[in-house]
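So the structure is just underneath, and the comments pick up after that.
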Amino acid sequence: MGAATESLMQDASVRELFGILRGSNIDARDLANIVGSITSIEMQLSDAMKDLTAMRRELATMRYENSHPVKLALEKAARSLSEKIRGIFAKLKAVKAGIINGCKRAIAAFRDRGVSALGGLTEFVHVKPALESLRESINDGIRSSQASIARIEKVSAEYHAAGRAIRNLGRAIRGQELVPEIKPNGTLARLAVAPFQFQQRKLADSLRTVNQALAGLDRLEKAAERRAEQRGPSLQERMNAAKVKVEQEKRDAPEQQRSRQSEIAI
């Protein structure tokens, strides 16, 4: 995970583009918010993965309870969620690569055409599909975490209900008062649900953050559209339109000539 958690602002191309934008007095707040959102998601996912790793390490040390059904359910759930988070990191890596490559394209365009090339940053930063894919992976992780919590609670309840029944059977045979419940195993009780609730909160934070990044990208796209409308057609667009008009006139000329010859003949 080390490479995945390096801040985008540490990348030379990202820093260079923000320097160009500041020097050109171009509002870069939405782009900065998108970059900041990616860094926040990295931190949130890293926290979740560290907690999961610590949990799996602690479970591995509980040798005396290898066959405990709650422990087995915890190990399975932790392994599954770890895989989900690794998948989310892979999607996050794709978003970062898209932003970095977009910054490189924007810098090249600036060097070629000047500051006017930076009027629409979304022309270079094509990360919307990658962000949407990241959002779906985070949603999948949240659903997985919710399912794990429900499954662990069910296994734990069934295990302790069975234990209570067996214990009460022995007490009844001995004529002792029945116990209403049995306290769960201390370490397993602590590990049972709380870590998954923590990871679910981190995933929910990541989901809100990626939605903020998508909203910022939408604002950049709309701003670029407004600037294009205000600017009107570019020189290249006007030249293309004139070329199309000349070609159409050439195609129309023989028809117009035949029409005039027909009028003369009449």
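The values are calculated or read from the model by the stated rules, or taken from the named source; none is laboratory data. The structure presented is a predicted model; accordingly, all values stated were derived computationally and were not measured. We place every Cβ from the backbone using ideal geometry, glycine too, and count neighbours over all the protein chains shown.
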Restricting attention to segment 106-158, which residues are in a loop (DSSP other than H, G, I, E, B), over 16 Å from the mean Cα position of the chain (by Cα) and at pLDDT 85 or above? GLY114
Residue by residue through segment 2-20, note down the ones that are surrounded by 13 or more Cβ atoms within 10 Å (Cβ to Cβ) and at pLDDT below 90. ALA4, THR5, SER7, LEU8, MET9
Which listed residue is among the small types (Gly, Ala, Ser), touching a helix residue (DSSP H, G or I) at 6+ places or on another chain (Cβ under 7 Å) and in contact (Cβ under 8 Å) with a residue 60 or more places away in the chain, from GLY119, GLY98, GLY87: GLY119
Do you know which residues across segment 58-74 are among the charged types (D, E, K, R) and surrounded by fewer than 17 Cβ atoms within 10 Å (Cβ to Cβ)? GLU58, ARG63, GLU65
